[in-house]
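Bear in mind that the values in this text are calculations on the coordinates, not laboratory data. What you are looking at is a predicted structure, and each value in this text was computed from that prediction instead of being measured. A quick note on method: Cβ atoms are made from the backbone with ideal geometry, for glycine too, and the neighbour counts reach across all protein chains shown.
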Amino acid sequence: MKTHYGNYGGQYVAETLMAPLKELETAYEAAKTDPSFRREFEELLHDYVGRESPLTCARRLSEHLGGATILLKREDLNHTGAHKVNNTIGQALLAKRMGKRRLIAETGAGMHGVATATVAALFGMPCEVYMGAVDVERQAPNVERMKLLGAKVHAVSEGSATLKDAMNEALRDWVSNCDDTFYVIGTVAGPAPYPEMVRDFQSVIGREARRQCLEKYGRLPDEAIACVGGGSNAIGLFAGFIDDAAVRLVGVEAGGKGLATGEHAASINGGRLGVLHGAKTMLLQTDDGNVIDTYSVSAGLDYPGVGPEHCHLHDTGRAEYAVINDDEAVAAFEALCRFEGIIPALESSHALAEAIKRAPKLGKDKLLLVNLSGRGDKDMENIMRYKAAHPYSSRA
Ligand SMILES: *Cc1c(COP(=O)(O)O)cnc(C)c1O
């Protein structure tokens, strides 16, 4: 079991959580090599999520840009409209195997809360989701979704009443109830073994994309590009290509209003080393070490830290991490709508924006693989608000 990624990762948790983490690690180690566990996981990904997800060539957009060909891995076509469900299915299956009867989760924008509530309904397990009171206000439709799916939503009013406070509350619940409760973490963060486990569940994205690319184009992509919040869709994509040295891995962080303004969510490019959510990682913090709330036009990139493996991939140079600001992401969002008839999530639009920057500088024989982590229907209100506030913003 991998606990550290270079200088990052580990288990920075209360003493009382060491035993439940060990229990989880032991259970996961046994499950991942158990053919019946893998079969059940793969069956649900096929029959419930609708995998495999297609690889779509963005032909008109690529021609318009006049350079490399952009390929889209269509996680937006999964049931629930994003990649998160790949992971929550895996963790719920593991919970069932461990005899845990109750699922808990924390959520910021609400997407992971919805993905957890979804699988709780599927498996008939009670589910409680912690969410900052401010986020409960901001993300009302997702709160309604979770309730429809049968979950109980706790509004957390401690601290700044946002994601980091919800994470603390979820950990507190787990400490008190670990005998019968499974804590479902939504990205490749948290204490070991979560980063490795979530990576494994999401690696189906990269495995499929690699095979699809070889089948269709007879070769690997030149670059694999994904947005990074906590980093699970990016790690899932990278996992398929990490041993292919010729494939450049590109993570894209949310630059919000620009790194210099301090209003962003770029933990690698704009953060410092610290401890968050039980792991050592790069995070946004003040000089005296308090976690700073993130800002981005896309609520799903709001994690104030980043998965420890990304920090290590950054240090070793195996992956590079770019920054895309709100205006560039919105322009990419509009371009995909207009040129391909696909409404992408604003999160995924960050990855797309980076590809749009790179494509014209590359030859027509180059392939840029972009992970379209989710669909954008959920972002309509956000986009309308953004456009009303920025009436002269340019189009790609
Ligand atoms: C949650 C979310 C993200 C960010 O999470 P990662 O763990 O970084 O993948 C990206 N895209 C969509 C559509 C999301 O819902």
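Taking 7 Å steps out from each Cα toward its Cβ at Asp180 and Glu158 produces label points 2.3 nm apart. Each residue, Thr286 and Ala260, gets one label point 7 Å from its Cα in the Cβ direction; the gap between the two is 2.5 nm.
In the chain, what percentage of the DSSP-assigned beta bridges are antiparallel, given to the nearest 5? Around 30 percent antiparallel, to the nearest 5. If you sort the three axes of the alpha carbon gyration tensor as a ≥ b ≥ c, you get a/c of 1.5 or more for segment 175-324 and a/b no higher than b/c, which makes it oblate. Take the convex hull of the alpha carbons in the chain; its mean projected area over all directions comes to 17.9 nm². Structure remark: mean-square fluctuation, Gaussian network model of the chain, C-alpha springs under 10 Å; the largest value among Gly300, Gly376, Gly262 belongs to Gly262.
Relative contact order of the chain: 20 percent, from C-alpha pairs under 8 Å at least 6 residues apart in sequence.
Take every pair of alpha-carbon atoms less than 8 Å apart whose residues are at least six positions apart; their mean separation over the length of segment 133-188 yields a relative contact order of 28 percent. Run down the aspartates and glutamates and flag those whose C-alpha is under 12 Å from the C-alpha of Lys280, throwing out any fewer than 8 positions away in its chain. Answer for Lys280, where 12 Å is the Cα cut-off: Glu309, listed by chain and number. With an a/c value of 1.5 or above and a/b not larger than b/c for the gyration tensor axes a ≥ b ≥ c computed over the alpha-carbon atoms, segment 180-269 is described as oblate. Segment 321-396 and segment 5-36 have their alpha-carbon centroids 37 Å apart.
Would you work out the charge dipole size for the chain about its Cα centre, treating the Cβ of every Lys and Arg as +1 and the Cβ of every Asp and Glu as -1, and quote it to the nearest 20 debye?
On the way: 44 positive and 52 negative charges, 209 e Å.
The dipole magnitude comes to about 1000 debye.
Gain on full extension, evaluated as 0.36 nm per residue between Met1 and Glu42 minus their Cα-Cα distance, stands at 12.6 nm. The GNM of the chain, with springs linking C-alpha atoms under 10 angstrom apart, assigns the highest mean-square fluctuation among Ala31, Ala351, Ala299 to Ala31.
Length gained on full extension, Asp315 to Asp243, computed as 0.36 nm times the residue gap minus the Cα-Cα distance: 24.2 nm. Approximating the spin labels as points 7 Å out from Cα along Cα→Cβ, the Glu144-to-Met384 distance works out to 1.3 nm. Available extension along the chain between Arg101 and Glu63 is 8.5 nm, counting 0.36 nm per residue and deducting the alpha carbon span. Annotation note: trypsin sites (Lys or Arg not before Pro) in segment 297-369 located in DSSP loop regions with a Cβ neighbour count of at most 12 within 10 Å are Lys364. Taking a ≥ b ≥ c as the square roots of the eigenvalues of the Cα gyration tensor, segment 105-187 is oblate, since a/c reaches 1.5 or more and a/b is not larger than b/c.
At most 12 other Cβ atoms within 10 Å and a DSSP loop assignment: could you name the trypsin sites (Lys or Arg not before Pro) in segment 166-259 that fit?
Working: sites: Arg172, Arg199, Arg207, Arg210, Arg211, Lys216, Arg219, Arg248, Lys257; in loops: Arg219, Lys257.
Of the trypsin sites (Lys or Arg not before Pro), the ones in loops of segment 166-259 whose Cβ has at most 12 other Cβ atoms within 10 Å are Arg219.
Helices in the chain, meaning DSSP H runs of at least 4 residues, each add -39500 (n - 2.57). Divided by all residues, the mean residue ellipticity at 222 nm is -13000 deg cm²/dmol.
When the chain is treated as a GNM with alpha-carbon contacts under 10 Å, the residue of Ala345, Ala19, Ala117 showing the greatest mean-square fluctuation is Ala19.
Checking the Cα-Cα distances for Lys73/Lys147; Lys96/Lys216; Lys84/Lys387 against a 32 Å cut-off, the pairs over it are Lys96/Lys216.
Determine, for Thr286, Thr116, Thr88, the number of other Cβ atoms within 10 Å of each Cβ, and report the residues in order from fewest to most. Before the final figure, lay out the partial values.
Details: Thr286 9, Thr116 32, Thr88 27.
With the fewest neighbours first, Thr286, Thr116, Thr88 line up as Thr286, Thr88, Thr116.
With R₀ set to 30 Å, the beta-carbon distance separating Arg272 from Thr16 gives a calculated FRET efficiency near 0.60.
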